[in-house]
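The values are calculated or read from the model by the stated rules, or taken from the named source; none is laboratory data. Please read these numbers as outputs of a predicted model, since none were measured by experiment. Every residue, glycine among them, receives a Cβ derived from its backbone with ideal geometry; neighbour counts consider all protein chains shown.
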Amino acid sequence: MFSKVRVCTALDCKEQAYDFNGKRCCNKCPPGQGLSQDCSHGNDTQCGSCVQGQTFSPEFWHTEKCQNCSECKKDSHVKTPCTIIEDTICECNVDFYFHTVAKECSLCNFCPIGYGAIIPCNRLQNSICLKCPNGTYSDVKSATLPCKRCTKCSSGQAEFKPCSDTENTICYGHAKENYTLQPTTAKDKKDFDVIPVYCAVLGAVVLGLLVYVIFKQYTRLKNRKIHKGHEPHEEVEYSKASGCDSGVYVENEFCKQYNQLSRVRDLPMKKKKELEKNLSMHTSDGNTWKQLAKELGYQEKKIGEFESSSSEVVSHVHNLLNHWSKYKHSTVEVLIKALTIINRLDIVLILQRDITERKSHLHSVI
């Protein structure tokens, strides 16, 4: 006894169509259109046009509707607007680059004075800074500018101040010029009378520079005395490692400077209080200090211990920074990177505003 066996084979549909249950070929929706109704035995695939600037569909398909256009995130702008066949293309603003880990635009590192950008910051990569080598200098903070070559005083000029990594050479005097000997005339004799005028002007310039240096030194000493007389006693500390005289001293901007490699515990007391105050402010994103604690590697249990000591948020922040500053890696640079990731660029600017770089001095032994 024989039974009929029905064999189904796949249909040979064109590239822009697909096999519907081996019974018919259904068309796919073309780019710029999305699925409106699935294909059936009696009807072909129904497609609907995407809306310019709102939705898009980049390729042939039969399962997806038009997708919503993307919106550019914070610190970025539209490079190419969304069309019905392509999504929005965004790029970071000037002085920002795309952070591949955080998946957002982050503020470029600004090379401090005395450093130049060997790789300038662009919209795809952060800047890489390098200390200016001998013969070059940088007198501005920049995320893109490299170190510049020092000026060499020309023949006939004298070097008033040599070039350093933070300042260009200062020359004075007039450069020598090549003259052809000509017979002396009455007019030439009159021209020689101008030489004393040049000497007088040069003397006035040198004298003015000396007066300026003396005035700046006097102003600095005067401000230091005033600062010592009015600083609150709670800022007084004892330090043998200080760059100022050892013993009891008043912490001020002259004595305590810092850079990106400085430990957070060595920041001026005034700067620490400013950080604690800003971190304790509640933002729309939640408790900033808790986000910072997680970026610095703390677990929920330890964060809870910081909270348990007091009901005031500023005390929580103080406990966090005080505990973290005990570690060797607790530098200003690490803190700035963590603040950048949690999008507290306002506090980053507070830290970068007063960053100073230690100058290297070359001593020659004769």
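Miscellaneous remarks
- Residue count for region 137-150 satisfying the condition of being surrounded by fewer than 14 Cβ atoms within 10 Å (Cβ to Cβ) and β-branched (V, I, T): 1.
To keep it simple, each residue is scored yes or no on (1) at positive phi; (2) at pLDDT 65 or above; (3) basic (K, R).
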| site | (1), (2), (3) |
| --- | --- |
| K240 | no, no, yes |
| G247 | yes, no, no |
| F254 | no, no, no |
| N259 | no, yes, no |
| L296 | no, yes, no |
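- Check on L339, over 20 Å from the mean Cα position of the chain (by Cα) and not in a loop (DSSP other than H, G, I, E, B): no
- Residues that are aromatic (F, W, Y) and over 28 Å from the mean Cα position of the chain (by Cα), drawn from region 286-322: F306
- Note on region 1-119: enclosed strands (runs of 3 or more DSSP E) holding 2 or more residues that are in contact with a His (Cβ under 9 Å, 6 or more places away or on another chain) are 17-20, 24-27, 89-92, 104-107.
- Count of region 120-154 residues, restricted to those that are in a strand (DSSP E or B) and over 13 Å from the mean Cα position of the chain (by Cα), is 6.
- Region 323-335, subset in a helix (DSSP H, G or I) and either of a type in the set (S, T, N, Q) or surrounded by fewer than 19 Cβ atoms within 10 Å (Cβ to Cβ) (or both), residue farthest from the chain's Cα centre (by Cα): H323
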